[in-house]
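The structure appears below as structure tokens.
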2 protein chains.
Amino acid sequence: MRWRHWGIHFGVHEVTALEKKADYERLIREFGAEPITDEILSYFKDPHILLRRRFFYAHRSLREYLDLHAKGHEVAIVSGRGPSNYMHLGHLMLFAFIFWLQKELKARVYIPLSDDEKYVFGKVKDLKEAYKYALDNALDILALGFQEGRTFLYISTHTQKIYEYATLLSRYLTYNTVKATFGLSDSANAGTIFYAAVQAAHILMPTLEMGYPVLVPIGADQDPYMRLTRDVAERVGLFKPAAIYSIYVRGLTGEPMSASRPETCIFTKDEPEVIRKKIWMALTGGRASVKEQRELGGEPEKCVVFEWLSTYVFQDEKKIEEHYRACRSGEILCGDCKRLLAASLIKRLEEHRRKRKSLIDKLERFFIHDIGDVNEVLFP
Amino acid sequence: MRWRHWGIHFGVHEVTALEKKADYERLIREFGAEPITDEILSYFKDPHILLRRRFFYAHRSLREYLDLHAKGHEVAIVSGRGPSNYMHLGHLMLFAFIFWLQKELKARVYIPLSDDEKYVFGKVKDLKEAYKYALDNALDILALGFQEGRTFLYISTHTQKIYEYATLLSRYLTYNTVKATFGLSDSANAGTIFYAAVQAAHILMPTLEMGYPVLVPIGADQDPYMRLTRDVAERVGLFKPAAIYSIYVRGLTGEPMSASRPETCIFTKDEPEVIRKKIWMALTGGRASVKEQRELGGEPEKCVVFEWLSTYVFQDEKKIEEHYRACRSGEILCGDCKRLLAASLIKRLEEHRRKRKSLIDKLERFFIHDIGDVNEVLFP
């Protein structure tokens with residue numbers, strides 16, 4: 001049973017797993033993705049904790065990709081960001097993992113900022129709004145440490161090559177296919193339909209330009225777009241881009257994190273007071289009273305605070321396990337955990353914002369096109 | 001009866017008119033275009049013969065456009081070319097008229113070379129093939145005399161701004177609208193659907209970039225795309241682009257001219273022997289025998305050679321009228337007309353090719369983007 005490899009470590013993410021497990025499983029059982037196995041982990045000297053814990057739990061073509069890398073082939077990673085809002089911790093974690101991959105594989109990392117996507121799907125008022133978020137988001141991403149000279153950001157509508165490649169690939173994408181994949185209706189606008197080709201162009205650009213195989217780290221629910229792009233790659237005769245799929249971390253309220261529901265997430269911009277307040281309102285696995293909790297112990301499987309601590313704060317399994325037991329035994333209370341999480345995130349984000357600030361004047365070095373006056377865009 | 005203004009001069013184009021008159025009329029009667037009137041002609045000191053003869057017979061918003069020009073407003077003309085083959089005389093005539101307009105209005109002329117269109121609609125094998133034709137076609141167009149500094153060519157997929165503007169406009173074009181306008185099926189590829197937005201971007205770029213009102217000289221059958229673009233312009237709050245519509249010159253065989261049926265047209269590349277041969281096979285209004293023709297006279301209304309002479313060769317109405325009468329009276333025979341047409345076109349195209357050649361090294365000055373090594377593309 002391959003499935004068993006995933007999500008059984010200390011019950012972490014178990015709730016997420018129970019809620020969404022059917023979907024996660026289907027990706028492997030029905031749609032032919034493969035589980036992350038110990039064999040995959042053995043490609044790395046010291047696998048990232050999110051790999052060890054199968055937070056990244058499934059993949060496509062990752063073995064072929066890593067084999068090429070092992071043979072000395074240069075490789076690329078593509079991970080896009082739709083700039084329609086400020087970034088929150090959920091976004092950052094994905095990019096933190098990609099930063100680790102960049103170091104491990106000495107990979108070129110391409111980060112398309114898809115202003116076109118957010119505009120045609122009506123998530124921003126105009127392209128100018130998306131532009132502002134794009135530069136703001138770029139600072140958050142780069143603050144994670146990405147290497148200059150190996151990290152290439154671009155805003156989609158500002159990149160001539162993307163339109164050229166999207167045109168090239170669009171001939172292989174029928175309206176019927178796009179409609180089914182994106183779930184569009186016939187009253188969808190022309191931009192949303194073409195965006196399927198643009199997204200494929202983002203993913204395949206490093207292969208088209210330089211023949212580098214591509215890996216896309218992505219949420220499990222994004223697989224339909226990966227399949228679409230892999231089909232196109234095959235038809236055009238390119239290396240089918242590899243993908244590595246993550247499960248999701250729940251938002252503070254227990255619902256999915258969403259930038260449009262600020263109470264579900266912590267933005268990188270959030271001030272200490274806001275962070276404390278949001279975390280104080282978070283869904284936990286606590287009992288009705290302190291007395292009851294001391295006697296019965298908490299239920300960390302249900303607790304978002306525990307989920308966040310084990311994903312964003314603790315850096316090793318031992319720590320997670322200890323904390324899990326302390327909660328289960330009634331040794332610690334919800335207030336303790338909330339304070340721990342808040343203090344840790346406040347400290348981390350203070351440091352993050354310092355790094356962000358120091359990058360403003362260097363930002364243009366990471367972009368493949370001219371970005372104008374950054375200060376004027378961000379602080380008009 | 002406004003309609004009467006059109007196509008009654010000396011019976012010229014009468015056959016074309018009879019064949020297509022219903023379509024031409026519908027543009028005015030049903031679709032709200034307006035006829036070219038003497039009032040429109042009065043905007044020009046010496047109106048072009050193709051205007052006087054109502055070869056350009058209908059328009060939209062031309063009065064508003066000319067009024068703005070008369071008030072000292074800078075204006076632009078946009079006329080695209082889909083680069084999927086070499087150019088023939090039918091194409092050149094449209095651009096010759098645009099060249100005249102450029103001088104009259106001191107207009108900026110934008111000439112998008114839509115490699116994307118030809119590629120997504122499968123008219124070229126790949127974008128590289130379209131690129132070659134684009135540069136070749138550019139030489140033909142510029143050989144007509146277009147002014148440097150006022151004439152701007154670009155290849156669609158090589159122009160970042162076009163993708164940005166197409167994205168901007170795509171939100172106003174639903175799949176349903178595009179499907180109906182272009183006559184697409186659901187198995188159409190994503191590129192063909194998005195091309196509606198790209199074409200609108202071509203037309204509206206001078207207005208979007210600089211606020212210049214735009215005029216599009218175009219074949220009458222292209223009106224659906226104009227209507228689409230005018231609707232979008234209105235919704236975005238831009239000056240609705242004006243259009244001026246031409247009827248068509250028949251091909252040598254009597255069928256429509258088409259680059260894919262070489263016998264119907266004369267390419268700018270055609271050698272004298274080829275030109276003579278094609279014209280010798282042309283459809284005429286001649287009688288069964290010389291004797292009969294001397295007695296009854298020819299039928300210039302049916303004759304493509306006469307149609308071509310009066311469109312491509314004779315520069316004034318008097319000459320056309322004289323020739324018409326000479327044919328009608330049996331004074332001249334089909335061989336005379338064919339030799340006259342062939343000699344005239346051979347001479348003109350020799351001169352044209354000289355101008356083309358002299359432009360190769362200057363070509364890049366007319367493009368708004370880098371075009372690489374022209375000689376390498378055209379003579380690999």
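The values are calculated or read from the model by the stated rules, or taken from the named source; none is laboratory data. Keep in mind the model is a prediction, meaning the values are calculated, not measured. Here the Cβ positions follow ideal geometry from the backbone for every residue, glycine too, while neighbour counts run over all protein chains shown. Heavy atoms of the whole protein, side chains included, go into the accessibility calculation; ligands, DNA and RNA do not. Shrake-Rupley method; radii C 1.70, N 1.55, O 1.52, S 1.80 Å.
The residue pairs whose first member lies in the range B:125-150 and is outside any loop (DSSP other than H, G, I, E, B), whose second member is open to solvent by 50 Å² or more (accessible area, probe 1.4 Å), and whose beta carbons are closer than 7 Å, counting only pairs six or more residues apart or on different chains, are B:ASP136/B:TYR86. The number of residues in the range B:351-380 that are open to solvent by 100 Å² or more (accessible area, probe 1.4 Å), at pLDDT 95 or above and outside any helix (DSSP H, G or I) comes to 1. Scanning the range A:239-276 for residues that are open to solvent by 20 Å² or more (accessible area, probe 1.4 Å) and within 14 Å of the chain's Cα centre (by Cα) yields A:TYR248, A:PRO256, A:MET257, A:SER258, A:ALA259.
Scan the range A:214-233 for residues that are of a type in the set (Ser, Thr, Tyr) and buried (at least 23 other Cβ atoms within 10 Å of the Cβ) and the total you get is 1.
Pairs meeting the criteria (first residue in the range B:315-327 and closer than 25 Å to B:GLU292 by Cα and of a type in the set (Asp, Glu), second residue open to solvent by 30 Å² or more (accessible area, probe 1.4 Å) and not in a helix (DSSP H, G or I), beta carbons under 9 Å, at least 6 apart or on different chains) are B:GLU321/B:HIS9; B:GLU321/B:PHE10. Inspect the range A:72-86 for any residue being in a helix (DSSP H, G or I) and open to solvent by 10 Å² or more (accessible area, probe 1.4 Å) and give the result as yes or no. No, every residue in the range A:72-86 fails to be in a helix (DSSP H, G or I) and open to solvent by 10 Å² or more (accessible area, probe 1.4 Å). Among the residues of the range A:165-193, those that are within 7 Å of chain B (Cβ to nearest Cβ), open to solvent by 30 Å² or more (accessible area, probe 1.4 Å) and without any contact (Cβ under 8 Å) to a residue 24 or more places away in the chain comprise A:ARG171, A:THR174, A:ASN176, A:ASP186, A:SER187. With respect to being in contact with a Leu (Cβ under 9 Å, 6 or more places away or on another chain), β-branched (Val, Ile, Thr), modelled with pLDDT of 95 or more and farther than 19 Å from A:GLN293 by Cα, A:ILE346 falls outside the description. Selection of the range B:27-57 for residues being among the basic types (Lys, Arg) and surrounded by 14 or more Cβ atoms within 10 Å (Cβ to Cβ) yields B:ARG52, B:ARG53, B:ARG54. For the range A:148-164, taking the residues that are among the charged types (D, E, K, R) and out of contact with any Asp or Glu (no Cβ under 8 Å at 6 or more places or on another chain), the one that is nearest to the other protein chains (Cβ to nearest Cβ) is identified as A:GLU164.
Residue-level analysis places B:VAL236 outside the set of residues that are open to solvent by less than 30 Å² (accessible area, probe 1.4 Å) and not acidic (Asp, Glu). If only residues of the range B:220-238 that are more than 14 Å from chain A (Cβ to nearest Cβ) and either in contact with a His (Cβ under 8 Å, 6 or more places away or on another chain) or free of Cβ contacts under 8 Å to residues at least 60 places away in the same chain (or both) are counted, the one that is nearest to B:ALA58 (Cα to Cα) is B:GLN222.
What residue, of A:ASP126, A:ASP116, is within 30 Å of B:ALA196 (Cα to Cα), within 11 Å of chain B (Cβ to nearest Cβ), open to solvent by less than 40 Å² (accessible area, probe 1.4 Å) and not hydrophobic (A, V, I, L, M, F, W, C)? Only one candidate passes the filter, namely A:ASP116. Entry remark, the range A:200-213: residues being open to solvent by 30 Å² or more (accessible area, probe 1.4 Å) and in contact with a Leu (Cβ under 8 Å, 6 or more places away or on another chain) number 1 in total. Does B:CYS327 meet the test of being in contact with a Gly (Cβ under 8 Å, 6 or more places away or on another chain) and either of a type in the set (Ser, Thr, Tyr) or open to solvent by less than 30 Å² (accessible area, probe 1.4 Å) (or both)? So B:CYS327 passes the test.
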